[in-house]
1. Could you tally the net charge around His177, taking each other residue with its Cβ under 9 Å from the Cβ of His177, Lys/Arg +1 and Asp/Glu -1?
2. Let's see if you can work this out: charge +1 on each Lys and Arg Cβ, -1 on each Asp and Glu Cβ, no other charges. What is the dipole magnitude of the range 3-178 about its Cα centre, in debye to the nearest 20?
3. Could you give the length gained on full extension between Leu134 and Asp361, defined as 0.36 nm per residue of separation minus the Cα-Cα distance, in nm?
4. Quick one, which of (i) 23.1; (ii) 18.1; (iii) 19.2 is the actual mean projected area of the Cα convex hull in nm² calculated for this model?
5. Kyte-Doolittle mean at least -0.5 and Cα extent at least 24 Å along the axis: which DSSP H helices of the chain qualify?
6. Arranged by the count of other C-beta atoms within 10 angstrom, fewest first, what order do Met286, Met1, Met333 take?
7. Can you tell me the length gained on complete extension of the stretch Asn151 to Asn253, counting 0.36 nm per residue apart and subtracting the Cα distance?
8. Which residues' amide hydrogens lie under 5 Å from the amide hydrogen of Phe50, considering only partners 5 or more residues apart or on another chain, with H built in the peptide plane?
Amino acid sequence: MENILFILPLYHNPSLPNFKDRFIILSQKNLIGNIISSTDDPDKYDGLSFGNFRYYAIRFVNNNLFKHIHLLFRIVTLGIAINRKKKVDMIHCYDPFVIGLAGVILRKLIGCDLIVEINGHYNNDNLFEKQNFLRRMKRYVFQKISNISVNNASAIKLLNESQKEEWTPLISNKNIHIFHDFVPTHVFRPRPGQEKRYILFLGFPFQLKAVDVLIKAFLLISPKFPEFTLKIVGHCPGGDSERQRYVEMTEGNRKIEILKAVPYDDAVNLLEKCAICVLPSRSEAMGRVLLEAMACGKPVIGSRVGGIPRLISDSENGFLFESENVGDLSEKMEVLLEDHTLRKEMGKKGLLRIEEEFSSDKYAECFVEMIDRIR
């Protein structure tokens, strides 16, 4: 059996299904290994076992100057110690940045295969951020680091075909694998007869996810559907001042709720009871929340960007709309709000797609196939 070292980003609670179940399911495929990630409470989680995988916790350091150096050092030292206990055959890195660089260093030191994931449209994402000197410098450094990670990888895992174009020619001669990220679809369940009258957005950051576009679109149709509300749920990195900007965009419409991020179980409950789920992103490599909503048997609406069209078959399990087109989004929402039967039909088709293409087990199958092709 291959001994795999997963290097993952910050997880506040790695005991939740969206983290641990990946490794339990991979264990059922006869994979073994270890996991390194940062967390807020390493004393609580360090040493936990998820199937055949042992978890090693790094204390999260919320210091912009030192956190990347600290993370790099801790990953490398832990990786060396893990390899001394049992030879690591393969390293799997969540991103090509600090985590990817740590993977490259470990590969050079211990000698093994390296898989680097690319989980975003990073060049596009930067277009929607305010640029200053420090941000431009950070972007430059991270681009150089990502090039090093990709050049030294045995294989690259992508989420959608359009990412290949962004990384050409760096990955043109690489072993490339394209499939969805792990989503514990088995946790989500359809609840027939329990639909509540609200549209749900779940995610962050609000600017990149185009929450402003969603608010404007809802304001256009709200008078026609007074019984429906819009729930916007997510973390604002800019704190209360950032959230207040979006509150002001609602123009005092009491049908729009802008809520802080909620615990995992509450998020599951919101998805299972919503009427429709909308992801209006300006840039999106996959759209995890869409898969979660589909697993609940919900119709979904998403922008025609990145990996979203891979999840939504237009007019089948939901609707696609042109990114940042307020009128187009409002029309698609109106069609679904008017027709409860259509919502049910699209929800059923989405659930079928989950079972056939995007389930937890399907992820494990794709992962094992990737491992087999690298050997």
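Since every read-out is calculated from the coordinates, none of them should be taken as a lab result. Computed from a predicted structure; not experimentally measured. Heads up, the Cβs are rebuilt from the backbone with ideal geometry, glycines too, and the neighbour counts pull from every protein chain shown.
1. Once all neighbours under 9 Å are counted, the net charge is +1.
2. 500 debye
3. Additional length available on full extension: 77.5 nm.
4. (ii)
5. Correct list, ordered by number: 67-85, 133-151.
6. Going from sparsest to densest Cβ surroundings: Met1, Met286, Met333.
7. 31.6 nm
8. Here Tyr55 satisfy the definition.
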